[in-house]
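Just so it is clear, none of the values below were taken in a lab; they were calculated from the coordinates. All figures in this text were calculated on a predicted structure; none of them were measured in a lab. Every residue, glycine as well, gets a Cβ built from its backbone with ideal geometry; the counts of neighbours run over all protein chains shown.
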Amino acid sequence: THAATIITIGARTEGVGRDGILVALMAALTESRLRMLANTTAYSASATFPHDGDGSDHDSLGLFQMRPAAGWGSVGELMDPTYQATAFYGGPTGPNNGSPRGLLDVRGWEQLPKGAAAQAVEVSAYPDRYAAFEPVAVAILDALTQTSARAGSAVPADMPAPAPPATARVVFPLPAGTWQRTSGFGMRVNPVTGVYELHAGVDYAAASGTPILAVADGRVVFTGRTAGGANSIQIAHTINGTPAVTAYRHLRDGGTHVAVGDHVAAGQHIGDVGSTGNSTGPHLHFQVHPGGDAGSPFDPEPWLTGAAERTQPALARAAAPTCPTTEVTP
């Protein structure tokens, strides 16, 4: 993945360390949602290189939205994720000799808030955007690496790591500070159809494109549209010894970043908030089925709250109400 590229280059670059990698991940999440973006409006040739989408901001390209006109590199260079990561870090081994400045070319970047350090490299018209993605960056880095206790550097995840604990870590499905609860679990009048029915999960309003995180380690068992037209991801887990399936609904078109069969880690960025299907605005509909996909859904909020406090109940003991349907509503 592009996150792994950013982490690997940072781990190999002297002076970057864990904090520098987090800054880079925050910048790429903000600028491109960790996608290699072509820009066919400015450079039609950019589409001939491997890419994940087509951007349109000035002449910006790639993960960090670097501009050829600003001297970051050629179109071909900037459509290479490894080059972009190397240029972002800069320093003595960077390709631009300090102009434009990479992170290591910013004097005292280590003392800056991470969002400010990202802004010092990106020089964005919206300097306050980066800080919101720090929790996501931490989750991604923790999921893909282990941290060296000796030097604070990141070690690629393909190196030997300690065995995971028997009890799965559970995290919240959206970054802190990015969401607002708008509808809970239970019977209600569907705001789209007007039908009184079970709302089988909880809704969190968030800006379109906000990263959605896997709540626990697991395996993707479904991606696609629900009967109501919502883009959806379902992940199978074993949490505290009990099987469960979590569902994430209403992802934006093009906002699914995993495939069936993929193994994911708690906190991994799996998709982007959207408003597809029966929906009144961008939000994440999240639900949990203890026992697996065929199990009745139950109210996930007490469980998520307990998870954050490390007191979550075993799913086997969670009360599952009698439900008229397990079909997801907005």
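For segment 52-57, just list the computed ³J(HN,Hα) in residue order, Karplus coefficients 6.51, -1.76 and 1.60, θ = phi - 60°, integers in Hz, with x standing in for Gly and Pro.
Each residue's phi maps through the Karplus curve to give 10, x, 10, x, 8, 7 Hz.
Show me the three semi-axes of the equivalent ellipsoid for segment 2-156, from the C-alpha gyration tensor (sqrt of 5 times each eigenvalue), largest first, rounded to whole Å.
Values: eigenvalues 113, 50, 44 Å².
Semi-axes from the Cα gyration tensor: 24, 16, 15 Å.
May I ask you to evaluate 6.51 cos²θ - 1.76 cosθ + 1.60, the Karplus curve with θ = phi - 60°, for each residue of segment 298-303 and list the ³J(HN,Hα) values in order in whole Hz, giving x for glycine and proline?
Calculated HN-Hα couplings, in order: 9, 5, x, 5, x, 5 Hz.
Taking the number of other C-beta atoms within 10 Å as the exposure measure, put 123, 138 in order starting with the fewest.
Details: 123 10, 138 17.
Ascending Cβ contact count within 10 Å gives the list 123, 138.
Counting Lys and Arg as +1 and Asp and Glu as -1, what is the net charge of the other residues whose Cβ lies under 15 Å from the Cβ of residue 96? Could the numbers behind the result be given before it?
Numbers: positive: 67, 101; negative: 77, 80, 105, 122.
Once positives and negatives cancel, what remains is -2.
Quick one: which residues, 5 or more positions from residue 37 or on another chain, have an amide H under 5 Å from its amide H? H modelled 1.01 Å from N in the peptide plane, none for Pro or chain starts.
52, 62, 63
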